[in-house]
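Each reported figure results from applying straightforward, stated rules to the coordinates on display, with no laboratory input. Everything numeric here is computed off the predicted structure, so don't read it as measured data. Note: ideal-geometry Cβ built from the backbone for every residue, glycine included; neighbour counts use all protein chains shown.
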């Protein structure tokens, strides 16, 4: 369970995130510099809100113990996992590019809060929540989700402060 939630699911999301980054970089290099930039227009992902909401909903779905059990026993749920999570990574990267800092902080805080709460539930439940995993693995997953809820905002803060620090010391 801990490997499923803390390794496999994040790696699938990261695969989609890096694929979108590579795709965006490829198309930015391919664009002709002589063409003037087009004026901004309304898109389906205005300010990144719809994309970040979708990613949050899919992330919340994969925190449900029944979804984790079904991913091991039902091929349709497993196929959904292997298709939806890389797509969510792709949408996450595109949405973060369009969103401002306030929106990023809101959705990051929401994800970290969900991770901490479900991690606490996994730690403090005396019974197994997932039938396919052992009680000890449930405790590891709970501890890992709480650690993720602490480490992820710190990493984001370091990534956001670094460009500001460079700008201030020019």
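Stokes-Einstein diffusion for the stretch 74-139, with the hydrodynamic radius set to the Kirkwood value over Cα pairs and evaluated at 20 °C in a medium of 1.002 mPa s, equals 147 µm²/s.
Normalised by the number of residues in the chain, the mean separation of alpha-carbon contacts (under 8 Å, six or more apart) gives a relative contact order of 31 percent. Working ranking of peptides 116-127, 78-89 by packing, defined as the average number of other Cβ atoms within 10 Å per residue, highest first, is 78-89, 116-127. The angle separating the long axis of helix 49-61 from the principal Cα axis of greatest extent in the chain is about 20 degrees.
In plain terms, the chain from residue 21 to residue 67 could stretch by 13.7 nm, reckoned as 0.36 nm per residue minus the Cα-Cα distance. Computed from Cα atoms, the angle from the helix 75-98 axis to the main principal axis of the chain rounds to 40 degrees. A straight chain from residue 101 to residue 150 at 0.36 nm per residue would run longer than the Cα-Cα distance by 15.8 nm.
A Förster radius of 25 Å combined with the Cβ-Cβ distance from residue 121 to residue 160 puts the calculated FRET efficiency at roughly 0.25.
Calculated mean residue ellipticity at 222 nm for the chain: -25500 deg cm²/dmol, from DSSP H runs with n ≥ 4 weighted as -39500 (n - 2.57), summed, divided by the residue count and rounded to 500.
Could you tell me how many degrees, from 0 to 90 and to the nearest 10, lie between the Cα long axis of helix 101-124 and the main elongation axis, the longest principal axis, of the Cα atoms of the chain? Between the helix axis and the principal axis of the chain, the angle is about 10 degrees.
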